[in-house]
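Each remark here refers to the structure printed beneath this line.
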Amino acid sequence: MQKIILLGGPTASGKSSLALKWADEHDGEIVNGDSMQIYRELDIITACPTAQEMENTPHHLYRHLKGDDPCSAESWRDMARVVIDDVWSRGKTPIIVGGTGLYFKALVYGLSKIPEIDETIRSDVRKDVKENGPEQAHDKLAALDPEIAGRIAPGDSQRISRALEVVKSTGKTLSYWQSQPLSGGLIDEDVDVSKHILLRERAELYQRCNDRFEKMIHNEGAIAEAQDLMALNYPASLPVMKSLGVPQIIEYLEGNLSLEEAITLSQTATRQLAKRQMTWFRNQFSYWKIEEL
């Protein structure tokens, strides 16, 4: 029976360090399960593993996509399955580590199968969202699929586009497809899935969030990284442009915030994300083994 180890948890909890330890103990290779660390433009700000860590232990799906490449839970699951099968083929243990809970759900339990989207419709929808803005597209979505529109922020162009593509291409809403039985998960296969959540005491986690961002700014080059990202002229609605700290650093670079304000706001946003992630993992995966450091 093939074995896989899953390690989820909030940002700044120490998942990457624990995954490295487990990789040594289980002859493992690490696979990214974080929706921001998958983008190649963000290395420092997303706290990707260092070049030395990646050299010492095989890592996969880190800095893998361009910032304007969409990455849904389904597309990540499909990429991860290719990597996982390859790791297994070499007799190694894949260790999935990250904070994006939907990725873990898609991998373990599967997704509702949505028919292939017509490429012409996909292109037309994305062109319309780009030209007219996500807010207008959100209004259109609200008329077609109010349930899904109620779950998506008006500025989230990627998810709005996806929902519009689905209803226009299939004739049925995304909420309909999501209500269908799940398929394609590891739970349906003969696989030993070891499931873990890494948690810390809240005050300690929040302090780690604060300290890590200070270090990124003052010692690791986060400001220069944000400048390089700005030079690419990506739309502000892309997920990569909303990564923790990016909007605040850009506001600083444009003269709208002091550096101290940008740091404080970024630290607040990081703590808020950590809180949401802790709640999500506890609620969604209440039976997973909790690791505490």
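Rule-based calculations on the coordinates, nothing more; no lab input. Bear in mind that the values here come from a model prediction, so they are computed numbers and not experimental data. Methodologically, a virtual Cβ is constructed for each residue, glycine included, from the backbone with ideal geometry; neighbour enumeration extends over all protein chains shown.
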Exercise. When the helix-only estimate is applied to the chain (DSSP H runs of n ≥ 4, each -39,500 (n - 2.57), divided by the residue count), what is the mean residue ellipticity at 222 nm, nearest 500 deg cm²/dmol?
Worked result: -16500 deg cm²/dmol
For this session: Quick one: of Lys3/Lys195; Lys3/Lys66; Lys105/Lys168; Lys21/Lys195, which pairs are farther than 22 Å apart, Cα to Cα?
Result: Lys3/Lys66; Lys105/Lys168
Seminar exercise, completed: As straight-line cross-link partners of Lys92, the qualifying aspartates and glutamates (C-alpha separation under 17 Å, not fewer than 8 residues apart within one chain) are Asp24, Glu25, Asp27, Glu29, Glu55, Asp190, Asp192
Seminar exercise, completed: In this structure, the FRET efficiency calculated for Leu232 and Glu189 from their beta-carbon separation, with R0 = 41 Å, to the nearest 0.05, is 0.55
Problem set entry | Gyration tensor verdict on segment 119-178 (Cα atoms; rounded if a/c is under 1.5, prolate if a/b is larger than b/c, oblate otherwise) | oblate
For this session: Take the alpha carbon gyration tensor of segment 1-97, find the square roots of its eigenvalues, order them as a ≥ b ≥ c, and report rounded if a/c is under 1.5; if not, report prolate when a/b exceeds b/c, else oblate.
Result: oblate
For this session: Provide, for q = 0.14, 0.27, 0.29 Å⁻¹, the log10 of I(q)/I(0) from a solvent-free Debye sum over equal Cα point scatterers in segment 163-221.
Result: -0.79, -1.11, -1.15
Problem set entry | Longest DSSP-loop-exposure-free segment, GluC sites (Glu not before Pro), the chain, at most 14 other Cβ within 10 Å | 1-115
Exercise. Going 7 Å from the Cα of His64 in the Cα-to-Cβ direction, what parts of segment 1-23 have a backbone nitrogen less than 19 Å from that spot?
Worked result: 3-9, 15-17, 19-20, 23
Exercise. Once Rh is set to the Kirkwood radius over Cα pairs, what Stokes-Einstein translational diffusion coefficient, in µm²/s, holds for segment 170-289 at a temperature of 25 °C and a viscosity of 0.890 mPa s?
Worked result: 139 µm²/s
Seminar exercise, completed: Row for segment 42-119, column shape: gyration tensor on C-alpha, a ≥ b ≥ c, rounded if a/c < 1.5 i.e. under 1.5, prolate if a/b over b/c, else oblate; value oblate
Problem set entry | Relative contact order for the chain, counting Cα pairs under 8 Å that sit 6 or more residues apart, in percent | 28 percent
Exercise. What is the Cα centroid distance between segment 66-80 and segment 160-175, reported in whole angstrom?
Worked result: 18 Å
Problem set entry | Within the chain, percent of DSSP bridges classed antiparallel, to nearest 5 | 10 percent
For this session: Please state, rounded to one decimal and in Å, the Kirkwood hydrodynamic radius that the chain gives when every pair of distinct Cα atoms enters the mean of 1/r.
Result: 20.2 Å
Exercise. Rounded to the nearest 0.05, what FRET efficiency do Glu254 and Glu147 have when you use their Cβ-Cβ distance and R0 = 41 Å?
Worked result: 0.65
Problem set entry | Relative exposure of Trp22, Trp280, judged by other C-beta atoms within 10 Å (fewest first) | Trp280, Trp22
